[in-house]
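To start, the structure itself, in structure tokens.
The values are calculated or read from the model by the stated rules, or taken from the named source; none is laboratory data. All figures in this text were calculated on a predicted structure; none of them were measured in a lab. Cβ: placed from backbone, ideal geometry, glycine included. Neighbour counts: every protein chain shown. Areas reflect the complete protein model, heavy atoms only, side chains present, ligands, DNA and RNA absent. Shrake-Rupley method; radii C 1.70, N 1.55, O 1.52, S 1.80 Å.
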Amino acid sequence: MRKLNICRLFFFTFVFAFFLSGFSLAQEEKISIIDVEIRGNKLISSSIIMGKIKTKSNDDFDQAILNQDIKRLYATGYFTDVKLELVDLKDGIKVVFVVIEKPRVAEIIIKGNKAIKTNELTKEMQTAIGNVLDGKLLKEDINQFKRLYKDKGFQLADISYKVELDDLTGEAAVHISIDEEKKVRIKRINIYGNLVFSDKRILQLMKTRSVGIFRSGFYKEEVFKEDVERIKAFYQQAGYGDIGIIPEIHYDIDKKRMYLTLNITEGKKYLAGQIEISGNELFPAEEIRECLKMCTGDTFSQYSLIQDIAVIQEFYFAQGYISAEITSHTTLDEITGAVNINYKIVENELAYIDKVKIRGNTKTKDIVIRRELKLIPGEKFDGEKLQRSKEKLYNLGYFEEVSYDVEPGSAPNKKDLAVMVKERKTGELSFGGGYSTIDQFVGFVQVSQRNFDLFNFPEFTGAGQYLSIRAEFGTERKSYSLSFTEPWLFNRPISFGFDVYSWTRDWADYNEERQGGDVRLGRSFGEYDRIDLIYKAENITISDISPTHTDIVDEEGTNLVSSTGITLTRDTRDNIYVPTRGMLIGGTGQCFGGVFGGDRDFYKMTGTASTYFSYFRKLVVELKARVGVAREYGNTHSVPIYERFYAGGANTVRGYEERMVGPPNDGSNPIGGKTMLIFNAECTFPIIEVIKGAIFYDIGNVWRNSYQFNLTELKSGVGLGVRVKTPIGPIKFDYGYGLNYEDWDQDQNGRLYFSITRGF
């Protein structure tokens, strides 16, 4: 028996091996593709289809490639069905792809629309004449039509479609039928179940409004959904984490009016209980706790919780622990009903900067960006330095956006800092103008480039230099000037610049003409401070003095005025163009004549201080003070009229004529003064996205003698302003009204000031 079993096993093993060898030989036998044919196509040419498949004549038969070819043909979107047929031939096989094409759209017919024009509807369609008909896209088009009608108040509009196929041509006609029904407006919004907040407060949160004199009252589904979520978020921030809102929609009998209902379940208000911090080994819990905005006893909300997690993250980031992980765990205290919070911290390693990479700059040179960064390779990450670097880059005025990213470096505790910028237009074509009884019409045109490069022909951009060419013209004056500044001389924080100018001014009682220039040299010290030196020389000519203007009759003729000045500045503003916080403090001393030459000996000292505050993130208050004193010395008997202080007008005390705040000569002719004191307070606030409003109060005066401050003689003005952000540049309007007009003030009805700047 045992021998018989062994024989059987040997026999079956032999047969199985023989079968496998025969199968392998069969597999190795190749089948050749003699021809490839396309059938069933009417609109799509065979050559286009052949270009989409990989199976070709004279290739070996490969089922896997054929399967992929079928998928590729489906992916074109041209066909509703693709089949494969194999025809045996003498020396191989023929492969036949049989396709059923989607029809091509021959015409689109829309009927029944009256409220919305046909061309407005077809603009919204993805389906178009000449394209392959796609049922999915056509349904999306119909849904878009329904949204358009709902936005116009046709909530009950019925829109349907049908497709007519021409079997001979393979083309389709799309017929869309619209039954607009009647417009439906929101008659009333009912709110039930609210006890904590009034109906009025909840309605203020909503963009959906009932019909009114100035409101259409149309219902928009997406807007209403956003309103519901906004109300929920409002309740949650107030501590009502279990808030529930069930919206309902009802119509009246004739379906002309809609009633919206919000059924609110407010739930319980939650307070923050015990706050614990765990996992912190480097910094004491109390130091971290001081940063938190939500404390024990405060209203608890998920929004505040997320904010505090971010605050702790920022705290560690500022210390260089950019990989610190912060998580929170909350538990409800069954006895007190408060929510206990535990912030768990995984501090990880201190991170150092490996490389600094600059991205996004197509015009600005890398060195211009790098020299503003406060962080360099090898240093630990410092959140404050990173924020300051961002502010300095924004203050250049070259970039719309500045952002950072952290990438893996050469070691686990080393990270690359990627600085990403989005460049903006740094050239400006500026122009402005105004009217006054003194100047008549006055305007200016200025072309400037804040990111100039003298040696980059022909673009002349990218090196961070400043170039300005300005022409000023008007009925009474004209001027021309050229200004150039290199902010980083030899790649050091030393600025060099010069100005060349020529201008004339026809005042009421005399004419003034100046030609000259100056050379400037400055240096930054520390983070916020700098010092600037300036030497100026100019020829000043006074002519055509009125015989009645006895105060300046001795100044007729030409004088060489030479001066050297020094300016100290401290600037902590977050943004020099649109500041919201920080201060700008500066003082300048100028010495005219003396050892520097010139025909007049006197000195001038001026000081400026501005501070900025922001409230509710968008309301910005600016407080500004200016003071100035001038005094003659040596053989000069008086400070010349062209170097005295003047006030009144757009840049000093608004609401008064230009230069008319101060000591007058005979009741109408300003002669300026040797002492100046001006205060300005201005509050700007958003009206809509591109428009800001402004409220201002100005007060100040100019006195005839040096160091003569008389606070009882201050003149003030109040007014309103508008700041408009337009595609061509910002526009500024101010209207000021004086509160202390004198008899000699020629215009006692307030004044309008405006300017516009255009970027390029």
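Could you please tell me which pairs satisfy a Cβ distance under 6 Å, a separation of 6+ or placement on different chains, a first residue in the stretch 234-263 that is of a type in the set (S, T, N, Q), and a second residue that is open to solvent by 90 Å² or more (accessible area, probe 1.4 Å)?
Note: pairs meeting the criteria are 237/303; 263/192; 263/246.
Where the second residue is part of a helix (DSSP H, G or I) and the first is more than 28 Å from residue 576 (Cα to Cα) and lies in the stretch 622-646, which pairs have Cβ atoms under 7 Å and are six or more apart or on separate chains?
630/643; 640/555; 641/552; 641/555
Within the stretch 329-384, which residues are among the hydroxyl-bearing types (Ser, Thr, Tyr) and touching a residue at least 12 places away in the same chain (Cβ under 8 Å)?
Within the stretch 329-384, the first condition is being among the hydroxyl-bearing types (Ser, Thr, Tyr), and the residues that meet it are 330-331, 336, 343, 352, 362, 364.
Selection gives 330, 336, 343, 352, 362, 364.
Any chance the stretch 518-531 includes a residue that's assigned to a loop (DSSP other than H, G, I, E, B) and on the phi > 0 side of the Ramachandran plot?
Taking the stretch 518-531 and keeping what is assigned to a loop (DSSP other than H, G, I, E, B), we get 526-528.
The next check asks that each one be on the phi > 0 side of the Ramachandran plot; those that pass are 526.
Within the stretch 518-531, one or more residues are assigned to a loop (DSSP other than H, G, I, E, B) and on the phi > 0 side of the Ramachandran plot.
Could you check the stretch 69-103 and list, in sequence order, the residues that are part of a strand (DSSP E or B), of a type outside the set (Val, Ile, Thr) and over 17 Å from residue 36 (Cβ atoms)?
Hits for the stretch 69-103 are 81, 101.
From (1) of a type outside the set (S, T, N, Q); (2) open to solvent by less than 50 Å² (accessible area, probe 1.4 Å); (3) touching a helix residue (DSSP H, G or I) at 6+ places or on another chain (Cβ under 9 Å); (4) not in a loop (DSSP other than H, G, I, E, B), pick out the condition that doesn't hold for residue 509.
Only one criterion in (1) of a type outside the set (S, T, N, Q); (2) open to solvent by less than 50 Å² (accessible area, probe 1.4 Å); (3) touching a helix residue (DSSP H, G or I) at 6+ places or on another chain (Cβ under 9 Å); (4) not in a loop (DSSP other than H, G, I, E, B) is unmet by residue 509, namely (4).
Hey, can you tell me all the residues within the stretch 339-355 that are closer than 27 Å to residue 268 by Cβ and exposed (fewer than 15 other Cβ atoms within 10 Å of the Cβ)?
344
Restricting attention to the stretch 56-67, does a residue exist that is closer than 28 Å to residue 169 by Cβ and either part of a loop (DSSP other than H, G, I, E, B) or not hydroxyl-bearing (Ser, Thr, Tyr) (or both)? I'd like the intermediate steps shown before the answer.
Applying the first criterion (closer than 28 Å to residue 169 by Cβ) to the stretch 56-67 yields none.
Looking through the stretch 56-67, none of the residues is closer than 28 Å to residue 169 by Cβ and either part of a loop (DSSP other than H, G, I, E, B) or not hydroxyl-bearing (Ser, Thr, Tyr) (or both).
In the stretch 324-338, which residue that is out of contact with any helix residue (DSSP H, G or I) (no Cβ under 9 Å at 6 or more places or on another chain), closer than 19 Å to residue 308 by Cα and hydrophobic (A, V, I, L, M, F, W, C) is least open to solvent (accessible area, probe 1.4 Å)?
My answer is 338.
Would you please list the contacts, defined by Cβ atoms under 9 Å and residues six or more apart or on different chains, that run from a residue in the stretch 687-712 that is closer than 15 Å to residue 660 by Cβ and open to solvent by 70 Å² or more (accessible area, probe 1.4 Å) to a residue that is aliphatic (A, V, I, L, M) and in a loop (DSSP other than H, G, I, E, B)?
Pairs found: 704/671.
Just wondering, is there one or more residues in the stretch 642-665 that are assigned to a strand (DSSP E or B) and of a type in the set (Phe, Trp, Tyr)?
Checked against the condition, which is being assigned to a strand (DSSP E or B) and of a type in the set (Phe, Trp, Tyr), the stretch 642-665 yields at least one hit.
Test residue 223 against the criterion of being in a helix (DSSP H, G or I) and at pLDDT 95 or above, and give yes or no.
Spelling it out, it is not the case that residue 223 is in a helix (DSSP H, G or I) and at pLDDT 95 or above.
Please determine, by comparing only the residues of the stretch 99-145 that are open to solvent by 40 Å² or more (accessible area, probe 1.4 Å) and more than 24 Å from residue 158 (Cα to Cα), which one is nearest to the chain's Cα centre (by Cα).
The qualifying residue nearest to the chain's Cα centre (by Cα) is 131.
Which one of these does residue 502 not meet: (1) more than 18 Å from residue 521 (Cβ to Cβ); (2) surrounded by fewer than 18 Cβ atoms within 10 Å (Cβ to Cβ); (3) at pLDDT below 90?
(3)
Restricting the search to the stretch 356-371, which residues are part of a loop (DSSP other than H, G, I, E, B) and either aliphatic (A, V, I, L, M) or open to solvent by 20 Å² or more (accessible area, probe 1.4 Å) (or both)?
360, 361, 362, 363, 365, 371, listed by residue number.
Results for (1) touching a strand residue (DSSP E or B) at 6+ places or on another chain (Cβ under 6 Å); (2) over 20 Å from residue 259 (Cα atoms); (3) among the small types (Gly, Ala, Ser); (4) without any contact (Cβ under 8 Å) to a residue 40 or more places away in the chain, shown as yes or no for each residue.
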residue: 159; (1), (2), (3), (4): yes, yes, no, yes
residue: 166; (1), (2), (3), (4): no, yes, no, no
residue: 174; (1), (2), (3), (4): yes, yes, no, no
residue: 206; (1), (2), (3), (4): no, no, no, yes
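Just checking, does the stretch 605-613 include any residue being open to solvent by less than 50 Å² (accessible area, probe 1.4 Å), out of contact with any Gly (no Cβ under 8 Å at 6 or more places or on another chain), within 25 Å of residue 402 (Cα to Cα) and without any contact (Cβ under 8 Å) to a residue 40 or more places away in the chain?
No, the stretch 605-613 contains no residue that is open to solvent by less than 50 Å² (accessible area, probe 1.4 Å), out of contact with any Gly (no Cβ under 8 Å at 6 or more places or on another chain), within 25 Å of residue 402 (Cα to Cα) and without any contact (Cβ under 8 Å) to a residue 40 or more places away in the chain.
May I ask you to say which residue of 119, 113 is assigned to a helix (DSSP H, G or I) and under 30 Å from residue 181 (Cα atoms)?
Values: 113 fails: assigned to a helix (DSSP H, G or I).
From the options 119, 113, the qualifying one is 119.
If I ask for residues that are closer than 23 Å to residue 350 by Cα, open to solvent by 30 Å² or more (accessible area, probe 1.4 Å) and either basic (Lys, Arg) or part of a loop (DSSP other than H, G, I, E, B) (or both), which ones from the stretch 271-321 would you list?
Across the stretch 271-321, the qualifying residues are 279, 280, 281, 282, 283, 284, 289, 290, 291, 319, 321.
In the stretch 651-681, how many residues are under 31 Å from the mean Cα position of the chain (by Cα), surrounded by fewer than 19 Cβ atoms within 10 Å (Cβ to Cβ) and not small (Gly, Ala, Ser)?
Count: 1.
Out of contact with any helix residue (DSSP H, G or I) (no Cβ under 9 Å at 6 or more places or on another chain), closer than 25 Å to residue 601 by Cα and either aliphatic (A, V, I, L, M) or open to solvent by less than 30 Å² (accessible area, probe 1.4 Å) (or both): which single residue out of 555, 538 fits that description? Give the steps one after another, and end with the answer.
On the way: 555 fails: out of contact with any helix residue (DSSP H, G or I) (no Cβ under 9 Å at 6 or more places or on another chain).
Among 555, 538, only 538 is out of contact with any helix residue (DSSP H, G or I) (no Cβ under 9 Å at 6 or more places or on another chain), closer than 25 Å to residue 601 by Cα and either aliphatic (A, V, I, L, M) or open to solvent by less than 30 Å² (accessible area, probe 1.4 Å) (or both).
Could you list, in sequence order, all residues of the stretch 433-451 that are open to solvent by less than 20 Å² (accessible area, probe 1.4 Å) and either under 25 Å from the mean Cα position of the chain (by Cα) or at pLDDT 80 or above (or both)?
Result: 448, 451.
May I ask you to list pairs of residues, at least six apart or on different chains, whose Cβ atoms are under 6 Å apart, with the first in the stretch 385-413 being in contact (Cβ under 8 Å) with a residue 60 or more places away in the chain and the second being surrounded by fewer than 17 Cβ atoms within 10 Å (Cβ to Cβ)?
Final answer for the pair search is 388/374; 394/575; 395/576; 413/349.
Starting from residues that are in a strand (DSSP E or B), aliphatic (A, V, I, L, M) and more than 19 Å from residue 651 (Cα to Cα), keep the ones in the stretch 674-716 and report whichever is modelled with the lowest pLDDT.
This residue is 688.
Take residues that are closer than 30 Å to residue 100 by Cα and tell me which of the strands (runs of 3 or more DSSP E) falling wholly in the stretch 131-211 contain 2 or more.
Passing ranges, in order: 158-166, 171-179.
Among the residues in the stretch 717-725, are any part of a loop (DSSP other than H, G, I, E, B) and either more than 21 Å from the chain's Cα centre (by Cα) or in contact (Cβ under 8 Å) with a residue 12 or more places away in the chain (or both)? Please lay out each step first, then the result.
Filtering the stretch 717-725 for residues part of a loop (DSSP other than H, G, I, E, B) gives none.
No.
Could you identify the single residue in 80, 55, 76 that is within 23 Å of residue 131 (Cα to Cα), open to solvent by less than 70 Å² (accessible area, probe 1.4 Å) and not hydrophobic (A, V, I, L, M, F, W, C)? Can you show your working first?
Numbers: 80 fails: open to solvent by less than 70 Å² (accessible area, probe 1.4 Å); 55 fails: within 23 Å of residue 131 (Cα to Cα).
Of 80, 55, 76, the one residue that is within 23 Å of residue 131 (Cα to Cα), open to solvent by less than 70 Å² (accessible area, probe 1.4 Å) and not hydrophobic (A, V, I, L, M, F, W, C) is 76.
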